[in-house]
1. Using a simple spin-label model with points 7 Å from Cα along the Cα→Cβ vector, what separation in nm is obtained for GLN104 and ALA154?
2. How much length, in nm to one decimal, is gained on full extension between HIS237 and MET78, taken as 0.36 nm per residue of separation minus their Cα-Cα distance?
3. With a cut-off of 8 Å between alpha carbons and a minimum separation of six or more residues, what is the relative contact order of region 190-321 in percent?
4. Calculate the length of the line joining the C-alpha centroid of region 246-323 to that of region 98-149, in whole Å.
5. What's the FRET efficiency of THR168 with ILE138 using the Cβ-Cβ distance as r and R₀ = 22 Å, to the nearest 0.05?
6. Over region 87-208, how many percent of alpha carbon pairs lie in each 5 Å bin up to the one with the longest distance?
7. Taking LYS290 as the anchor, which lysines have their alpha carbon closer than 22 Å to its alpha carbon, excluding any fewer than eight residues away along the same chain?
8. Could you tally the net charge around ALA142, taking each other residue with its Cβ under 15 Å from the Cβ of ALA142, Lys/Arg +1 and Asp/Glu -1?
Amino acid sequence: MPTYNDDFALTNGAANVTMALSNTTGTATFGGNGPDGEIILRDGSGQNRVFIDANGQRMELRNSGGEIISMIGGGANMRVGTNGQSGNAYFYPASATDIFNNGQATVTIDGNGGNIFAGGQGTDGDLVLRSTTNQDRIRLDAGGGNLWMGGNGADGDIALFADSGDNTTLDQATIHLNGQSGDIILQNADCAEDFEVDTLEAVEPGTVMAISDGVRLRVSDRAYDHRVAGIVAGAGHYRPGIILGRKPGGTNQLPIALMGRVCCKVDADQAPIQVGDLLTTSSTPGHAMKATDPTRAFGTVIGKALASLEQGQGLISVLVTLQ
């Protein structure tokens, strides 16, 4: 193999150097004096596979079909993937011995699945988010399985939104955990518990329910019924804030409001209902009525009226207070 001890240079027609190899400094220079500096590496079939473009400030990697699968630069960006290739990134600790063994990576960014994996190989995967003043504000701790939020001059809140929320306005959050006050704020109104019912199809929200002969509930149909259990939650503009005892896949189950505000079916034909009246079960199936007989009311009261109804049947707001 020949050996060259001197520098090597190519010039354009104006005798300006456009490519130089320096034996003194060990550097290779391409471009300048008019032409752009580019480096192209081809595979055995002549297909361009690696392209370094000085003018575009980028490096491209291409597949055997000539399609770009990775690019660094072109706006200070790094693009990996596309055209049949998943863009993944693997980061290894100093103790790793095989750079092609993905299982030794402690951080993996999976472009195909859109996942980020951190930790493993004897290392906990943690994520720390800091403020502009370098204060730790949010920490995900894989080792302890903890989520740390707030502190260092800022309170940590968690806000959960319905699909109609804008993910910005805190008042629209259906659940708000306030780190400053320690409050759990639920947008919905009552506390309910899932119960099995005798006939699911015949029951709608706002219906007054009583305990059946078994564990299940039935539609109440007796006045001053000591077996009164609660009101089916979800009628009108109220929704349960908390639902207890919910079992995924359960059948014939309905949330029964045990406390809080709920809309309830009432029958005012027995007696007009005013705000503050105690309500009990009535002989009208699924309806409550004003408790006018104190001797029979104890143990049968389902709640207190928050609205009035002079006559007929309707749906009013009730504060559930079983007694």
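Throughout, read-outs are computed from the coordinates displayed, never taken from laboratory work. Since we're looking at a predicted model, the values are computed, not measured. Glycine gets a Cβ as well: all are built from the backbone with ideal geometry, and neighbour counts include every protein chain shown.
1. Roughly 3.8 nm, to one decimal.
2. 52.2 nm
3. Working: 384 pairs, mean separation 38.2, N = 132.
So the answer I get is 29 percent.
4. Using only Cα atoms to place each centre, the spacing works out to 53 Å.
5. The calculated FRET efficiency here is 0.80.
6. Values per bin, smallest distances first: 2, 8, 11, 11, 13, 13, 11, 9, 8, 6, 4, 2, 1, 0.
7. LYS290 reaches LYS265, LYS304.
8. Numbers: positive: ARG139; negative: ASP124, ASP126, ASP141.
Result for the neighbourhood of ALA142: -2.
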